[in-house]
Amino acid sequence: MNVFPNAAEYLRHHRPERPVLALRPHAVARAAQWFVANFPGRVLYATKANDTQAVLDVLAGAGIRSFDVASLAEIERVRAIVGAELFFMNPIKSRGAIARAYRDFGVRCFAFDSHDELGKVLAETDEADDLTLFLRIACPNTHSLIPLEGKYGASVEEAPALLLRARQHATRLGITFHVGSQAVVPAAFGEALTQVGQLIVSSGVLVDAIDIGGGFPARYPHSDPPGLDLYMEEIVRAADALAVKHSCELLCEPGRGLVAEAESVIVRVDARRGTALYVNDGAFGSLFDAAFSGFRFPARCVTPGREDLGGGETAYVLYGPTCDSADYLPGPFVLPDAIGEGDYLEIGQVGAYGRVLGNRFNGFGDFEEITLTDEPMLSMFADMEAQAADDPRSISI
């Protein structure tokens, strides 16, 4: 993959017809090193956020060797990493997927959220004596921008019997939950861990592991969450209050928080109509979250010689290249007034869920790919890195 210091320098030598995904491996490594150094337990990467091999390799090199996988396709991709341990944490799986994961790929860690799903795992592994079983429980998602509650999770009433049954079969037994994507309040994790503690006491079943899931936030123009150190402080405080704190391993599954800064996308403006810009990537490409999840992304002009356009700024909306009217990104994307046809824009923070949600609708969906060495447009980690450099007592990255 060709390496450039920034998007404008790439464009001095190229005029790409297709959108360009720009990878920043140093941003991936920095985030991974921070989580490994500061989370009080084991860090699993939520593979669904970005499964490109380059990202997986950087994560592994930075010390993350455990992966949350949701399908056989993800298992096949991640298993190539030397020493990878796979956690099949999708609570509902086909019988065939369970059997192949266990027999062909050596997966031993499975999540479930009902008696039926637990029964499938036990049946397809012949009630093996080397299983780690995680009960997924429901928890409120009141502090997240994308709630994930409702689809998965055993209720408070169902959970004790499920724990008791699983305890009879599991070599290691765990509880897992998810506070929702882009959790903007650290207390979300503390509240969920308190709920777990109450469940352990009321059920009388000891567990060996607690997986607090994902939800760790990234920074966007519409969402400026507290520093991740505050999330860790809340997690440590709540975990220390658990009755099983000395015998229980803590796990987490960051996805967005690890890789949002990993990639940006460079798009070309093909038309302007008032404050609407028509660009060559959109809702059915790397900008799904901008269209369907209400996310705003940072944007800047990177046309060589026009990076610092004078004059005022305009709040634009974007339309993607397909013929579907749903290919609409309300933004707003704040850019110079003088933006027009032929300009190139860099849109940041698409490393999480950008490339994996793209498709080939209308024949679009192909990307050029490059590597950039400059800083992400927004970062949760750059400030902490600078602080660590200035203060020897600060967290090392």
Q) Of all the residues that make up the stretch 40-67, how many are more than 30 Å from T322 (Cβ to Cβ), open to solvent by 20 Å² or more (accessible area, probe 1.4 Å) and not aliphatic (A, V, I, L, M)? A) 7
Q. What number of residues within the stretch 1-39 satisfy the criterion of being open to solvent by 30 Å² or more (accessible area, probe 1.4 Å), closer than 30 Å to C248 by Cβ and touching a strand residue (DSSP E or B) at 6+ places or on another chain (Cβ under 6 Å)?
A. 1
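Against the definition (open to solvent by 40 Å² or more (accessible area, probe 1.4 Å) and more than 30 Å from Y220 (Cβ to Cβ)), how does L133 come out, yes or no?
Answer is no for this residue.
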Q) So, in the stretch 335-362, of the ones that are open to solvent by 10 Å² or more (accessible area, probe 1.4 Å) and in a helix (DSSP H, G or I), which residue ends up nearest to N6 (Cα to Cα)? A) R355
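Which is hydrophobic (A, V, I, L, M, F, W, C) and free of Cβ contacts under 8 Å to residues at least 60 places away in the same chain, of L59, L72?
Values: L59 fails: free of Cβ contacts under 8 Å to residues at least 60 places away in the same chain.
The match here is L72.
Restricting attention to the stretch 78-85, does a residue exist that is under 15 Å from the mean Cα position of the chain (by Cα), open to solvent by less than 50 Å² (accessible area, probe 1.4 Å), among the small types (G, A, S) and under 27 Å from E124 (Cα atoms)?
Of the stretch 78-85, the ones under 15 Å from the mean Cα position of the chain (by Cα) are none.
The answer is no, given that none of the residues of the stretch 78-85 is under 15 Å from the mean Cα position of the chain (by Cα), open to solvent by less than 50 Å² (accessible area, probe 1.4 Å), among the small types (G, A, S) and under 27 Å from E124 (Cα atoms).
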Q) Mind checking whether some residue in the stretch 311-318 is open to solvent by 40 Å² or more (accessible area, probe 1.4 Å), in contact with a strand residue (DSSP E or B) (Cβ under 8 Å, 6 or more places away or on another chain), modelled with pLDDT of 95 or more and not basic (K, R)? A) yes
Q | Residue among D104, D113 that is at pLDDT 95 or above and buried (at least 23 other Cβ atoms within 10 Å of the Cβ) | A | D113
Q) Is there any pair with a first residue in the stretch 165-183 that is touching a residue at least 24 places away in the same chain (Cβ under 8 Å) and over 19 Å from L228 (Cβ atoms) and a second that is acidic (D, E) and open to solvent by less than 10 Å² (accessible area, probe 1.4 Å) whose Cβ atoms are under 7 Å apart and which are 6 or more apart or on different chains, and what are they? A) G174/D211; T176/D211
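Being out of contact with any Ser or Thr (no Cβ under 8 Å at 6 or more places or on another chain), farther than 26 Å from I146 by Cα, among the hydroxyl-bearing types (S, T, Y) and assigned to a loop (DSSP other than H, G, I, E, B) narrows it down to one residue among T371, T303, T322; which is it?
Numbers: T371 fails: assigned to a loop (DSSP other than H, G, I, E, B); T322 fails: farther than 26 Å from I146 by Cα.
Every option except T303 fails the conditions.
The values are calculated or read from the model by the stated rules, or taken from the named source; none is laboratory data. In this text the structure is predicted, and so the values were computed from the model without any measurement. Backbone-built Cβ (ideal geometry, glycine too); neighbour counts: all protein chains shown. Heavy atoms of the whole protein, side chains included, go into the accessibility calculation; ligands, DNA and RNA do not. Shrake-Rupley method; radii C 1.70, N 1.55, O 1.52, S 1.80 Å.
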